[in-house]
Protein chains: 2
Amino acid sequence: MGRWQPDSQGRLEQAALALYSERGFENTTVAEIAAHAGLTERTFFRHFADKREVLFWGAPMLEGLMVSAVEAAPASAAPIDAVAAALEATGPLLEERRDSARQRQRIIDANADLRERELVKLASLAGALAGALRRRGVGEPAATLTAEAGIAVFRVAFARWVSDPKSRDLPQLIRDSLGELQAVTARR
Amino acid sequence: MGRWQPDSQGRLEQAALALYSERGFENTTVAEIAAHAGLTERTFFRHFADKREVLFWGAPMLEGLMVSAVEAAPASAAPIDAVAAALEATGPLLEERRDSARQRQRIIDANADLRERELVKLASLAGALAGALRRRGVGEPAATLTAEAGIAVFRVAFARWVSDPKSRDLPQLIRDSLGELQAVTARR
């Protein structure tokens with residue numbers, strides 16, 4: 001441990017994803033993750049509060065990206081277009097981490113507690129988007145409905161993106177899903 | 001306890017809602033709920049697995065109601081109209097329990113674990129609606145998007161209904177919210 005080690009957070013994350021995939025989240029300890037990464041438990045806890053946090057540390061960053069994109073949308077943009085811009089803004093970050101994202105999703109899908117945590121994260125994301133829309137002057141319930149619809153679009157697009165290695169890129173899947181939402185909810 | 005007691009489940013529920021409202025969910029014990037209802041703990045556990053279950057026992061019934069309504073919708077009904085029918089079908093049951101529903105919502109809003117449980121319940125409801133749509137021949141992702149949009153509409157309508165004692169009835173609020181969702185997602 002005496003040598004300088006670049007990116008211990010990234011190494012801990014890779015080690016955790018590998019062990020969670022191999023043994024299951026519940027059967028993996030922090031000590032094992034640290035050992036697998038060639039680091040100490042002390043270092044682990046400098047980066048993550050607990051072993052669940054390894055899977056969710058990116059959530060505030062994602063939320064910040066989305067909220068900034070809503071804020072940056074032109075004043076003339078309709079609420080749904082501001083939300084679409086927010087969802088698409090996550091593309092570059094997530095595309096770059098596609099393999100980890102796919103591995104992470106399989107780990108979450110296999111564990112009820114992690115699925116609950118993911119739902120809480122998505123609900124918080126919807127709340128943050130609704131708040132950003134209200135600050136643009138969008139009233140209620142339009143702000144909440146637009147944000148919730150946006151998160152539904154994101155979930156569907158994300159699920160297709162992680163489950164199909166050959167799928168189109170995430171921003172394109174988001175645009176497709178939004179188009180499908182607009183088709184299924186269209187007034188006749 | 002020797003006398004015949006009608007509806008011990010209803011009495012336990014009323015006692016639990018009263019105590020959760022007064023002292024907080026976390027500060028109330030099953031023994032206190034049973035005593036407040038004039039019943040034994042043993043009777044409590046005949047009706048509910050634990051004190052959280054008092055707040056969520058109705059969920060499978062609600063889900064059953066919604067799924068049946070989707071199944072009963074005319075074959076010619078568009079997916080969103082089948083979902084709207086499912087949401088409105090909950091009206092009579094919920095209108096009848098409006099005071100309990102309002103009390104229950106305040107208890108849930110005050111406790112992070114209960115809010116998580118509510119999210120899980122709503123996600124399960126969305127999953128059941130999507131399944132019912134697929135059995136009508138609706139493809140993916142249309143089924144999931146329609147179901148998720150429906151649950152967003154339901155949440156918004158339900159929140160208005162429980163927070164405003166003078167609000168319109170629930171089916172009307174559901175129709176209003178669906179109209180607003182259609183307006184915010186409309187293609188321009």
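On the given criteria, is B:D99 without any contact (Cβ under 8 Å) to a residue 40 or more places away in the chain, within 23 Å of the chain's Cα centre (by Cα) and at positive phi? Working first, answer last.
Values: without any contact (Cβ under 8 Å) to a residue 40 or more places away in the chain: yes; within 23 Å of the chain's Cα centre (by Cα): yes; at positive phi: no.
The answer is no for B:D99.
Quick check on segment A:108-117. Is at least one of its residues in contact with a helix residue (DSSP H, G or I) (Cβ under 6 Å, 6 or more places away or on another chain), under 20 Å from A:G10 (Cα atoms) and of a type outside the set (S, T, Y)?
Taking every residue of segment A:108-117 in turn, at least one turns out to be in contact with a helix residue (DSSP H, G or I) (Cβ under 6 Å, 6 or more places away or on another chain), under 20 Å from A:G10 (Cα atoms) and of a type outside the set (S, T, Y).
A quick yes/no check of all residues on (1) surrounded by 18 or more Cβ atoms within 10 Å (Cβ to Cβ); (2) in contact with a strand residue (DSSP E or B) (Cβ under 8 Å, 6 or more places away or on another chain); (3) farther than 30 Å from B:A130 by Cα:
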{"position": "B:D7", "(1), (2), (3)": "no, no, yes"}
{"position": "B:E13", "(1), (2), (3)": "yes, no, yes"}
{"position": "B:I33", "(1), (2), (3)": "yes, no, yes"}
{"position": "B:F45", "(1), (2), (3)": "no, no, yes"}
{"position": "B:V54", "(1), (2), (3)": "yes, no, no"}
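Considering only segment B:138-150, state which residues are surrounded by fewer than 22 Cβ atoms within 10 Å (Cβ to Cβ) and either facing chain A (nearest Cβ under 7 Å) or closer than 13 Å to B:A126 by Cα (or both).
Correct list: B:A142 only.
Name the single residue that is surrounded by the fewest Cβ atoms within 10 Å (Cβ to Cβ) among those in segment A:162-188 being more than 12 Å from every other protein chain (Cβ to nearest Cβ) and outside any loop (DSSP other than H, G, I, E, B).
That would be A:Q172.
None of the figures in this text is laboratory data; all of them are computed from the coordinates on show. Predicted model, so just to flag it, every value in this text is computed and none were measured. Using ideal geometry, Cβ is built from the backbone for each residue, glycine included, and neighbour counts are taken over all protein chains shown.
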